[in-house]
Each structure stands twice: as C-alpha cells, then as structure tokens.
Amino acid sequence: MKILITGGAGFIGSHVVRLFVNKYPNYTIHNLDKLTYAGNLANLSDIEKKPNYAFVKGDIVDAGFINELLNREKYNAVIHLAAESHVDRSITNPLEFVMTNVIGTVNLLNAAKTLYKAANSSFTKFYHVSTDEVYGALGDEGMFTESTSYDPHSPYSASKASSDHFVRAYHDTYGLPVVISNCSNNYGPNHFPEKLIPLCINNIKHNRPLPIYGKGENVRDWLFVEDHATAIDKIFHKAKLGSTYNIGGHNEWTNIDVIRLLCDMMDSKLGRPAGTNQKLITFVKDRAGHDLRYAIDATKLKNDLGWVPSVTFEQGLERTVDWYLNNEEWLNNVTSGNYSNYYNEQYVKR
Ligand code: NAD
Ligand code: TYD
C-alpha cells in the first residue's frame, strides 16, 4: 500500500503520519505539505529517516503539480488533511480558505479520479478529514450526528463544508471510493499556538494575558489528537466506501472552564501559588459569528468500529502541558519572526 497523506507537517497530520509510518512498516507513506506558517517538519523529526517515509513539498492548489505527482507515484490511497484551519484567519482572509480548502481538495479529487479510472487501477480510497464545524452551532441541547444538516457560519467552516460536498459529489457522480470523517476540536502536542489551548499555555508560561472571547461561555468538545489519529486509522481501514463518521470524545467544556483548569494545572507545574495564573484571564471582544456550542455524537463510530477515546481530558491536557514545557525550542521557533497571535492583531480589550 502506497499512501499520500496531505498536511502531514501540521498538527493533526503529523500525528497521523507518525502512526501510519510506525504501525505499518510495509506501507509507503508520502507526506505532501506546502509548509505554510502552520507546517513544521520538526513535528516529524523522530520518523524522518524511516525507510517507508518520504516528504514531498508542494501546494495542493497547483493542479499541474498534483496531477503530475499522483500520475507518477500511482498511490493506492489518499488521506487528505492539508487545509487552512484557523477560524480567525478565515475571517480576515476568506479567499485563502477557498483556494486551499475548496480548490485544493477538488484538485486532489480530479487527480485521484484519473488514477481510479485508469486501466488496471489499484487506487482504493480517498479519505477526506473534516470538522464538526460544518454542522453549524448547537444551543444548550442536542449533539451533531452524521445526518445533521450542514449549516456552516464561518468562512473556515463554509470552505470545509464545500470540500465535503465535493468529495461526496465525486463519489456519487464518478464512483470515486471516498470516506469522510468530521471531528470535534483537537488538542495535544504540536498544536500551533494561535489556537485556544496552546496559545494559553504559551501565554501562561510568559505571564501574558489569556484572551477569552466574549464571556467564555462557548462550548467545545475536546479530543486528544492521538485519539483522532487512531480513529482515522480505524476508519481508513474498516469504513464502508461512501460512508461518513463523526469523531468526538463526549467531552464538552466551556472555554472559561478549560482555561481555569489549565491555569490551576500550570500553577502547580510552574511552582506558582494557587490562583496566580487565573489572574491572567482577560475577557476580550467576541469573535464575529462565534458558534455557541459544538458536541459530537460518536455512537456510530463506537458501534461499527469499536473506537473510543483512550485518555480523559485531564490526562490529555497534562500530557499536552508537559510537552509544551519540555519543548521550549519548538515553541520559540514557531513564535519567533513574524508570528503574532490574532488577539494582538485583531481584537481590542473590552
Ligand atoms: P494545521 O493548520 O495545523 O495544519 C495544516 C497543514 O496543511 C499544514 O502543515 C500546512 O502547511 C498544510 N497546508 C496548508 N495549505 C496547504 C496547501 N495549499 N498545500 C499543501 N499543504 C498545505 O491544521 P490541523 O489542525 O492539523 O487540521 C488538519 C485537518 O483536520 C484540516 O483539514 C482541518 O480542517 C481538520 N480538522 C481539524 C480540527 C482541529 O481541531 N484542529 C478538528 C477537526 C478537523
Ligand atoms: P479555536 O482554538 O480557535 O478553535 P475553533 O474556533 O475551531 O473552535 O477556539 C476554540 C474556542 O476558544 C472558540 O470558542 C474560540 C475561543 N477562543 C478564545 O476565547 N480566545 C482565543 O484567543 C482563541 C484563539 C479562541
């Protein structure tokens, strides 16, 4: 099996690449990534010399390059994670999200379709990794299931919803063998520190304000990134072609409660008196179109494929904090240069 994984030097993709390279030594894994601000080869330094792994630098928006690569390498499957992924950036620059998330996905679908339709084709699967944000926002009750209607609100979720529709359209129109999964918010090592949890870990470390949008009442359903990777492994190998799976940890938290837990955990890890870090919490102007609540019903995944998360939120968060505290160089590298978080760029203190 020769698999192309896109977006493998980013947060989730790097965990998926590592899992596949280590668990399946007989597979050949190619990791295609443009290395935008969010891509970082240091995420995969532990496996870069493995004989069944290769990195390919390239842009999924470049149709000529994608067609040539798939035609030359004759992959048996694609696992597609490359995307622009930050909601705040999508509010500032929606077109970039259309280009990468929609056009880039359609470019890959076209190249995969050509491979699949070729004589003696051995192309078996196009696995599209997506988000629960395509379903829109929930009120206080209910959960997203696989049959929830799409209702995206941000340019990011609209671009991911569009890409999901194209993947299904290529299945229904051209018979392309596809699988889609929609996962809730991930957290863990290698998460770029513009997203809530790693941003706050980094800010606590440096005694900087922790920007909480609105009143901090928005709810997210957090999943440890390695659990997402094991779910992708199961779905990739076992899901029926044409099917969709929701992935989530039944782990809903308001943003303010997540940050309070993080503050308390880091007080003790940094040897600060209890309550010190919570003083850094700063309520700031809300995000435009901010979805109130996400919650995933992952019953189908549990019943069909036997997947459940392996760690509690407290365990996963502790591993995450420890990783950031032990990987100062990684954090310094990605926060140097032109980096500045979106709170600083876009938001003013209320
Ligand atoms: P990320 O931003 O950390 O990584 C994205 C990767 O894609 C980066 O390595 C980047 O260099 C690469 N990339 C971007 N544009 C590219 C292009 N034009 N060509 C090639 N490579 C390009 O994102 P992530 O959080 O790891 O998310 C990965 C996937 O999972 C995305 O499709 C996202 O929608 C989905 N997802 C993310 C979450 C989450 O909580 N982060 C949850 C559910 C689903
Ligand atoms: P984020 O990590 O950007 O993920 P998403 O928007 O995809 O859910 O944000 C998680 C939640 O935290 C979301 O409700 C927005 C909020 N948030 C803040 O309150 N402050 C911040 O600085 C950031 C980046 C996010």
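The values are calculated or read from the model by the stated rules, or taken from the named source; none is laboratory data. As the structure is a prediction and not an experimental result, all values here were calculated from the model. Every residue, glycine among them, receives a Cβ derived from its backbone with ideal geometry; neighbour counts consider all protein chains shown.
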| Checking ALA63 against (1) surrounded by fewer than 22 Cβ atoms within 10 Å (Cβ to Cβ); (2) within 23 Å of ALA229 (Cβ to Cβ); (3) away from ligand 2 (no atom under 16 Å from the Cβ), which single condition isn't satisfied? | (2)
| request: Look through the stretch 42-51, keep the residues that are among the aliphatic types (A, V, I, L, M) and at pLDDT 95 or above, and return whichever of them is surrounded by the most Cβ atoms within 10 Å (Cβ to Cβ). | output: LEU44
| Name the residues in the stretch 19-54 that are basic (Lys, Arg) and within 19 Å of the chain's Cα centre (by Cα), would you? | LYS34
| field | Listing of helices (runs of 4 or more DSSP H) fully contained in the stretch 49-97 that carry 1 or more residues being of a type outside the set (D, E, K, R), within 11 Å of ligand 1 (Cβ to nearest atom) and under 21 Å from PHE236 (Cβ atoms) | value | 63-73
| remark: Taking the stretch 135-160 and keeping residues within 30 Å of ALA42 (Cα to Cα) and touching a strand residue (DSSP E or B) at 6+ places or on another chain (Cβ under 9 Å) leaves TYR156, SER157, LYS160
| field | Any chance ALA54 is buried (at least 17 other Cβ atoms within 10 Å of the Cβ), closer than 21 Å to VAL16 by Cα, touching a strand residue (DSSP E or B) at 6+ places or on another chain (Cβ under 9 Å) and of a type outside the set (S, T, N, Q) | value | no
| task | Check the stretch 130-144 and report whether any residue there is of a type in the set (S, T, N, Q), assigned by TED's automatic domain parsing to the domain that holds TYR75, closer than 18 Å to TYR245 by Cβ and modelled with pLDDT of 95 or more. | result | yes
| said: For the list (1) closer than 25 Å to ASN326 by Cα; (2) within 15 Å of ligand 2 (Cβ to nearest atom); (3) not assigned by TED's automatic domain parsing to the domain that holds TYR245, I need the number of the one condition that ILE212 fails. | reply: (1)
| request: Could you run through the stretch 4-28 and say how many residues are assigned to a strand (DSSP E or B) and surrounded by fewer than 24 Cβ atoms within 10 Å (Cβ to Cβ)? | output: 1
| Failed item in (1) crowded, with 19+ Cβ neighbours inside 10 Å; (2) more than 10 Å from ligand 2 (Cβ to nearest atom); (3) closer than 18 Å to LEU138 by Cβ; (4) of a type outside the set (A, V, I, L, M), with ARG220 passing the rest | (2)
| remark: If we ask which residues in the stretch 266-303 are within 16 Å of ligand 2 (Cβ to nearest atom), within 25 Å of ARG319 (Cα to Cα) and assigned to a loop (DSSP other than H, G, I, E, B), their number turns out to be 2
| task | Would you confirm whether any residue within the stretch 114-133 is within 16 Å of ligand 2 (Cβ to nearest atom) and either over 19 Å from HIS80 (Cα atoms) or assigned to a loop (DSSP other than H, G, I, E, B) (or both)? | result | no
| query | Name the residues in the stretch 153-183 that are surrounded by fewer than 21 Cβ atoms within 10 Å (Cβ to Cβ) and assigned to a loop (DSSP other than H, G, I, E, B), would you? | reply | HIS153, GLY175, PRO177
| message | I'd like to know if the stretch 202-216 contains one or more residues that are crowded, with 21+ Cβ neighbours inside 10 Å, touching a residue at least 40 places away in the same chain (Cβ under 8 Å) and within 30 Å of ASN303 (Cβ to Cβ). | response | no
| note | Selection from the stretch 152-172 of residues within 21 Å of ARG89 (Cβ to Cβ) and of a type in the set (Asp, Glu) yields ASP164
| field | Single condition ILE247 does not satisfy, out of (1) closer than 23 Å to THR312 by Cβ; (2) in contact with a Gly (Cβ under 9 Å, 6 or more places away or on another chain); (3) within 12 Å of ligand 1 (Cβ to nearest atom) | value | (2)
